[in-house]
Every structure is written in structure tokens, then in C-alpha cells.
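Visitor: One structure is given below, represented as C-alpha cells, and several questions about it will come after.
The values are calculated or read from the model by the stated rules, or taken from the named source; none is laboratory data. Just so we're clear, the structure is a prediction, and the values are computed from it rather than from any experiment. As a convention, Cβ positions derive from the backbone with ideal geometry for all residues, glycine included, and neighbour counts pool all protein chains shown.
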């Protein structure tokens, strides 16, 4: 009887070892499930002037990206307006203010941001930052959408008015690589340090980050 018990224990240990090994494998097989919606989502197509405006806007961004590279520094806590022209499903889209999570130097073209909204607050994935001076209208609270945290190119921060300036006929384009276009007095808001610290802690807990550099 003791021999049988010992054999069964050895078998269980082998099974546990195999399970542990499978967890450490880099390539695994996982079941993905798609469930039929209760009702079909409505389709929305851009048409007429709305479609033309969107095409013009995207073309401006393409022009900016092809001809100019962002050459400025951003600090953690700064708030800019960013454009997300296309969103799929539940992804954020449109123009939204974003909070910069980590410092990004002059030579770094990207940065990590958390988008903000003023609509509702999901207790699971959102964080209420309260009223932000210089940003909030009518004392509206700014809600950080934590599950939409993402890395974006600095070119997304340039407002449409700047794009219009860069494409204007009277604008004197730099002709040599390395020539600069300086846009002074670009207004931004800044998140107070205490709110930034709380926001970063919430993001770290949600995403499992151990460290976000300042």
C-alpha cells in the first residue's frame, strides 16, 4: 500500500513539474473566444464634408511626419492635446488631452501618455483627477482612462493650427536637413506633482509596471 501511495505521489510531482514547465514556455496555445453581441453595433461612415475634412487632416499629419521630426523635450505631468484620428472598437479616437507619464528627451520621438476625458468614470479602469486648472471647463472633472495608456509619437501633439501654418503658401520652408521651425508660446497645462504621483501609482498597479522614470 505504501509503495502504491509513493508511486502516485511521484506521478503527481511529475505532473506538477510539467505544468510549471509549460507556464515558462515562450510559445503556448491559448483559446480565444468571440461571443455574439446581444445586438449588432450600428455602422458609421464618414461622408460628404466630414470625409473631406478627415482626409485633409490626415494628409496634413502625413506631410508633417514626412518633412519634420519633433525636436523638443516633454516632462512628466505636462498635458497636451493629442489626435487619435482612427480608433477600432473600444479604442479611444478623436482629440483628447493626454498626461505625459515619463520625461522624453529631445532626441526621443515617442513618450508614454494617459488620455483624459470628462465623460463618466469606470471604477475599474479610470481614475478621477478632479478639476485641472487651465484645462477643465465649468469645473468638470478630468478622468484618466488608464486602460488606454499608450506610447505615441510627439508629432501627435501638434495642433491643427500649427499644421495649417506649416502648409501655408507664405510659410518659408527650411531647405537644408537640420533646419528648424520654432513655435514659441505653445500653451500647455501641467498636472500638480501630488496628482501626477497618484496617477503614476494607479497606472503601475493596473499595468504591473515596477518603475516609471521621471
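Visitor: Quick one: would you say residue 83 is under 21 Å from residue 157 (Cα atoms) and free of Cβ contacts under 8 Å to residues at least 60 places away in the same chain?
Guide: no
Visitor: Within region 122-146, count every residue that is at negative phi and surrounded by fewer than 16 Cβ atoms within 10 Å (Cβ to Cβ).
Guide: 10
Visitor: Another question about this same structure. Within region 46-66, is there a residue that is over 27 Å from residue 154 (Cα atoms) and modelled with pLDDT under 80?
Guide: Yes.
Visitor: Are any residues in region 159-198 buried (at least 17 other Cβ atoms within 10 Å of the Cβ) and either at pLDDT 85 or above or closer than 18 Å to residue 135 by Cβ (or both), and if so, which ones?
Guide: Scanning region 159-198 gives 189, 190, 191, 195, 196.
Visitor: Do the conditions hold for residue 115, that is, is it crowded, with 16+ Cβ neighbours inside 10 Å and either more than 18 Å from the chain's Cα centre (by Cα) or part of a loop (DSSP other than H, G, I, E, B) (or both)?
Guide: On the way: crowded, with 16+ Cβ neighbours inside 10 Å: yes; either more than 18 Å from the chain's Cα centre (by Cα) or part of a loop (DSSP other than H, G, I, E, B) (or both): no.
No, not satisfied.
Visitor: Then there is this: Take the residues in region 86-110 that are surrounded by 15 or more Cβ atoms within 10 Å (Cβ to Cβ) and not in a loop (DSSP other than H, G, I, E, B); name whichever of them is modelled with the lowest pLDDT.
Guide: So, considering only residues that are surrounded by 15 or more Cβ atoms within 10 Å (Cβ to Cβ) and not in a loop (DSSP other than H, G, I, E, B), the one modelled with the lowest pLDDT is 96.
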